[in-house]
1. Residue by residue through the stretch 113-148, note down the ones that are hydrophobic (A, V, I, L, M, F, W, C), under 18 Å from Ala211 (Cβ atoms) and more than 24 Å from the chain's Cα centre (by Cα).
2. Return the only residue of Ile57, Ile67, Ile73, Ile87 being part of a strand (DSSP E or B) and touching a residue at least 40 places away in the same chain (Cβ under 8 Å).
3. Go through (1) surrounded by fewer than 18 Cβ atoms within 10 Å (Cβ to Cβ); (2) in contact with a Phe, Trp or Tyr (Cβ under 7 Å, 6 or more places away or on another chain); (3) assigned to a strand (DSSP E or B) and name the single condition Ser121 misses.
4. Which one is farthest from Ile155 (Cα to Cα), of the residues in the stretch 167-225 that are acidic (Asp, Glu) and either touching a Leu at 6+ places or on another chain (Cβ under 8 Å) or assigned to a loop (DSSP other than H, G, I, E, B) (or both)?
5. Identify the residue in the stretch 156-185 that is crowded, with 24+ Cβ neighbours inside 10 Å and free of Cβ contacts under 8 Å to residues at least 60 places away in the same chain and, among all such residues, is farthest from the chain's Cα centre (by Cα).
6. Scan the stretch 216-246 for residues that are modelled with pLDDT under 95 and aromatic (Phe, Trp, Tyr) and jot them down.
Amino acid sequence: MFENYQAPEELVPTDPRFGCGPSLIPTEYVESLLKTGNHLLGTSHRKAPIKNLVKGIQEGLREYFKIPEDYSIVVGNGGATFLFDAIALGMVKKKIHHFTCGEFSEKWFKSSAMVPWIEASKTAVEFGKGITPEYVEGVDMICATLNETSTGVIIDSLPEMKGDCLLAIDATSGGGQVTCDLSKVDCYFFSPQKVFASEGGFYVAILSPAARKRALEIAGDKSRYVPGIMDWKVAIDNSDKNQTYNTPSVSTLFFLNEQIKTMNKVGYNAVIEDGLKKANLVYNWANEKPYLSCFIEEDKYRSTAVATIDVDDKVDVGALLKNLESKQQVYGIDAYRKLGRNQFRISLFYNISFADIEKLTKLLSHAIESEL
């Protein structure tokens, strides 16, 4: 199936990258990095060129999200998976509760459950179903995933918190594009290789004053084990000085800063609207074609950053994608590997143009209909 398929030239996207991570890094960012020559790459992260990059990232994010001045923007190496452990070890007093709906939200829960001196519990739904996080009595942290990358589920609202209970949101594949009121969140974190069009191995954690205070209090408790690399006091102190604790990838910082500047030119609301427009295109396409269906049944839980579309079993999705990849026409839209579904998973991140999403849907339909 699809061995001899030839895509019409007018349906081939201008950029083949539709993967959900790493995301499309604009080639002009790479060209801009090249122009720095020998004045940036290879520079110590304690020196002005790199500190200015970090400062630019922090100030740009503060502008983009309209982050209050008393919130801290902490940056460092390790990515979101690193933070799963760092949060459990260094920001939870006794009890943590997770809301899970896919592979990555489950992975976060499992990280918390491995810490023997805290109690971890969860509310879970089967993969493909949506979930609405709620306040849970008796815990000191509640965790939810803004956009579940594996399944294409977003949360539809945030819980109203009480007392000193903190709310932590993993915003890795939705941060910057899926609506979220940061004033209601204590720890909002993401890796930049999704909407923010950079590379992996890095994190941004936006902390409320309450989260910062909690992290510093636990860091000061010398009877409690926290690995030095995950010491929140060290991370916060360095970030306050526009630095990372250990040596970062300069290219990652550079691409992230370029993307923040790009997104600030249009603003947060325009980026959200762009994602919604692309999501409507893809979901309407899936609803119109008899051989397609939306994996996420309820509209309110359908992601505006990652669209998951089921395909009739008569269609060999693997063979189709192999054909398109071999011709360098479409990359990265296969289903999340552990779901095991005959499915397209399409990134709707800001740098992927509406025109290319539209071409992609027409190309896939043309290919499928040529075989049915």
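1. Selection gives Val115, Ile118, Val136, Val139.
2. None of the others qualify; the one that does is Ile73.
3. (2)
4. So in the stretch 167-225, the residues acidic (Asp, Glu) come out as 170, 181, 186, 199, 217, 221.
Filter again for either touching a Leu at 6+ places or on another chain (Cβ under 8 Å) or assigned to a loop (DSSP other than H, G, I, E, B) (or both), leaving 170, 181, 186, 199, 221.
Values: Asp170: 11, Asp181: 12, Asp186: 16, Glu199: 25, Asp221: 34 Å.
Result: Asp221.
5. Ile169
6. Tyr225 - this is the single residue of the stretch 216-246 that is modelled with pLDDT under 95 and aromatic (Phe, Trp, Tyr).
Conditions (1) over 29 Å from Ile333 (Cα atoms); (2) among the hydroxyl-bearing types (Ser, Thr, Tyr); (3) touching a Pro at 6+ places or on another chain (Cβ under 7 Å), marked per residue:
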{"position": "Met114", "(1), (2), (3)": "yes, no, no"}
{"position": "Ala120", "(1), (2), (3)": "yes, no, no"}
{"position": "Val125", "(1), (2), (3)": "no, no, no"}
{"position": "Gly130", "(1), (2), (3)": "no, no, no"}
{"position": "Glu137", "(1), (2), (3)": "yes, no, no"}
{"position": "Ile142", "(1), (2), (3)": "yes, no, yes"}
{"position": "Asn147", "(1), (2), (3)": "no, no, no"}
{"position": "Val153", "(1), (2), (3)": "no, no, no"}
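Residue-wise test of (1) in contact (Cβ under 8 Å) with a residue 24 or more places away in the chain; (2) in the same structural domain as Ala144 (by TED's automatic domain parsing); (3) over 22 Å from the mean Cα position of the chain (by Cα).
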position	(1), (2), (3)
Lys277	yes, no, no
Gly318	no, no, yes
Lys327	yes, no, yes
Val330	yes, no, no
Ser365	yes, no, yes
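The values are calculated or read from the model by the stated rules, or taken from the named source; none is laboratory data. Everything numeric in this text was worked out from a predicted model, so none of it was measured. Positions of Cβ are generated from backbone atoms using ideal geometry, with glycine treated the same way; all protein chains shown enter the neighbour counts.
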